[in-house]
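Note sheet for the following structure.
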Amino acid sequence: MNVEKATEACLRFLHAGSIAPEATAEDDFGFLPLAMDIDGDVAVIMLMATGADVPEDHLTVEEWTFHRRHGGDWIPLGSYGGLALPAALTRRPAAELGGRHLRRDCYGRSVRNGDRLLPWGAKYVSEARLTVAAETARLRVGKRTLDVPEHGQAVVVWGARRGPVIEALNADGAVLDKLDLS
């Protein structure tokens, strides 16, 4: 994945406050945005690589984390990713997820104040990639609510030391499941 193009596109999504509907079709960046979450001054965006150099039997998925400085500029903190099977982008019922409506697939952390003079006092941005059951319409993370993309993959970001409790909600707003990320 081209780092400059990925960063440019992520910054465009962050300034817009969402993944633009026109970006759901492959554009000239060589990837598709899959999910995004913003929590105050931290954000994460999940991208899937596309193009001729991507093997058909696997998908390359990356999560990019960002921190908003006092001036309002978003600063990339890092990214990580790996291969996923194409079936990962197929919504599954809770019965296929072991009876759960939420599953944490992976997580990561980035230092947000890497320019400090002393080694202690590091502040982190944490994020997690989730697989969400087909019965789930939205996720509640603290006070914010996230719509679940049709492919059932979601990302959640937080800047606090403790991870949040995520609630899976059905279309009527009833809680189907909880997942504690602490």
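Pick out, from segment 34-124, the strands (runs of 3 or more DSSP E) lying fully within it that include 1 or more residues that are surrounded by fewer than 14 Cβ atoms within 10 Å (Cβ to Cβ), over 15 Å from the mean Cα position of the chain (by Cα) and without any contact (Cβ under 8 Å) to a residue 40 or more places away in the chain.
On the way: elements: 42-49, 59-68, 74-84, 102-111.
It comes to 74-84.
Tell me which residues, restricted to segment 81-100, are modelled with pLDDT under 85 and of a type outside the set (Val, Ile, Thr). Let's see the steps before the verdict.
Looking only at segment 81-100, we keep the residues that are modelled with pLDDT under 85, and these are 81-90.
Hits for segment 81-100 are Gly81, Gly82, Leu83, Ala84, Leu85, Pro86, Ala87, Ala88, Leu89.
For Arg112, indicate whether it is at pLDDT below 95, in contact with a Gly (Cβ under 8 Å, 6 or more places away or on another chain) and basic (Lys, Arg). Even if it seems obvious, please write down each step before you answer.
Numbers: at pLDDT below 95: yes; in contact with a Gly (Cβ under 8 Å, 6 or more places away or on another chain): yes; basic (Lys, Arg): yes.
The answer is yes for Arg112.
How many residues are outside any loop (DSSP other than H, G, I, E, B), touching a Ser or Thr at 6+ places or on another chain (Cβ under 7 Å), closer than 24 Å to Arg92 by Cα and not aliphatic (A, V, I, L, M) if we restrict to segment 125-173?
Of the residues in that region, 3 qualify.
Quick test of your reading of the structure: Trp158 fulfils all but one of (1) free of Cβ contacts under 8 Å to residues at least 40 places away in the same chain; (2) in contact with a Pro (Cβ under 8 Å, 6 or more places away or on another chain); (3) not small (Gly, Ala, Ser). Name the failing condition by number.
(1)
Which condition from (1) surrounded by fewer than 18 Cβ atoms within 10 Å (Cβ to Cβ); (2) more than 25 Å from Val61 (Cα to Cα) is the one that Leu169 breaks?
Answer for Leu169: the failing condition is (1).
The values are calculated or read from the model by the stated rules, or taken from the named source; none is laboratory data. What you see is a predicted model, and the numbers here were worked out from it, not measured in a lab. Because the Cβ atoms are built from the backbone with ideal geometry, glycine has one as well, and the counts that use them run over all protein chains shown.
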